[in-house]
1. Sort through P76, P48, P43, P11 and tell me the only one that's open to solvent by 50 Å² or more (accessible area, probe 1.4 Å) and either closer than 26 Å to G134 by Cβ or aromatic (F, W, Y) (or both).
2. Keeping to region 14-35, report how many residues are more than 18 Å from S108 (Cα to Cα) and either in contact with a helix residue (DSSP H, G or I) (Cβ under 8 Å, 6 or more places away or on another chain) or exposed (fewer than 13 other Cβ atoms within 10 Å of the Cβ) (or both).
3. What tally of residues in region 1-31 results from selecting those that are in contact with a Leu (Cβ under 7 Å, 6 or more places away or on another chain) and either modelled with pLDDT under 95 or part of a strand (DSSP E or B) (or both)?
4. Any residue in region 1-17 that's under 12 Å from L137 (Cα atoms) and of a type in the set (G, A, S): show its pairings with residues that are loosely packed, with under 13 Cβ neighbours inside 10 Å and at pLDDT 90 or above at Cβ separation under 8 Å, as long as the two are six or more apart or on different chains.
5. Looking only at region 96-113, count how many residues are in contact (Cβ under 8 Å) with a residue 40 or more places away in the chain and crowded, with 19+ Cβ neighbours inside 10 Å.
6. Closer than 29 Å to V45 by Cβ and more than 11 Å from the chain's Cα centre (by Cα): is that true of D133 in this structure?
Amino acid sequence: TDRLMERIAPPSTELTDPFWDATREERYLVQWCTACDQPIFYPRVVCPTCLLDEALEWRPSTGAGVVYAASVQHRPAYPGLADQVPYVVVLVDLDAGGGDDRTVRVMSNVVECDPSTVRADDVVVLAWEPLPDGRNLPVFRPAP
């Protein structure tokens, strides 16, 4: 849709390239430290827990999450999205991909619903919005 092309394409750096490359295949990767077995979000050059840099890897997330907090935006943060208000910005506790119940908290949007209905503790699943350069922006939708 037209809305998808109005998103600002996030920058990709050497550090975040693995994450953004995976989005081309609609896969969500979470950075992990193998030394202290901790998920890391946002991506970093060293583990914020043990400060090692040689033990970082990427693991796939299932895309399952729970809304931690939600805020409906009635004024767009970016003028190109003026015709999309209201929209909801959320903090989601997302499956960290470790095969257990650990999560990472990410900021995103919940789409495919009335923004005013999104609440804390709502279960959400990963969805994707195409970006002009072939990457996909991870967003969420209410779980079926």
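1. Working: P76 fails: open to solvent by 50 Å² or more (accessible area, probe 1.4 Å); P48 fails: either closer than 26 Å to G134 by Cβ or aromatic (F, W, Y) (or both); P43 fails: open to solvent by 50 Å² or more (accessible area, probe 1.4 Å).
The match here is P11.
2. Applying the first criterion (more than 18 Å from S108 (Cα to Cα)) to region 14-35 yields 14-15, 17-18, 21, 25, 32-35.
Imposing the further condition that a residue be either in contact with a helix residue (DSSP H, G or I) (Cβ under 8 Å, 6 or more places away or on another chain) or exposed (fewer than 13 other Cβ atoms within 10 Å of the Cβ) (or both) reduces the set to 14, 17, 25.
Qualifying residue count, region 14-35: 3.
3. Filtering region 1-31 down to residues in contact with a Leu (Cβ under 7 Å, 6 or more places away or on another chain) leaves 6-7, 9, 18-19, 22, 28, 31.
Okay, now just the ones that are also either modelled with pLDDT under 95 or part of a strand (DSSP E or B) (or both), so 6-7, 9, 31.
Adding up the residues that qualify gives 4.
4. As it stands, the answer is A9/P132; A9/D133, since those pairs meet every condition given.
5. Step one: of region 96-113, the residues in contact (Cβ under 8 Å) with a residue 40 or more places away in the chain are 96-98, 102-106, 110.
Retained after the next criterion (residues that are crowded, with 19+ Cβ neighbours inside 10 Å): 96-97, 103-104, 106, 110.
Qualifying residue count, region 96-113: 6.
6. Details: closer than 29 Å to V45 by Cβ: yes; more than 11 Å from the chain's Cα centre (by Cα): yes.
In short, yes.
This table checks each residue for (1) among the basic types (K, R); (2) within 16 Å of the chain's Cα centre (by Cα).
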{"residue": "R27", "(1), (2)": "yes, yes"}
{"residue": "A55", "(1), (2)": "no, no"}
{"residue": "R59", "(1), (2)": "yes, yes"}
{"residue": "G65", "(1), (2)": "no, yes"}
{"residue": "A82", "(1), (2)": "no, no"}
{"residue": "P86", "(1), (2)": "no, no"}
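The values are calculated or read from the model by the stated rules, or taken from the named source; none is laboratory data. As the structure is a prediction and not an experimental result, all values here were calculated from the model. Quick reminder, even Gly has a Cβ in these numbers, built from the backbone with ideal geometry, and neighbours come from all protein chains shown. Remember, those area values only see protein heavy atoms, side chains included, never the ligands or the DNA or RNA. Shrake-Rupley method; radii C 1.70, N 1.55, O 1.52, S 1.80 Å.
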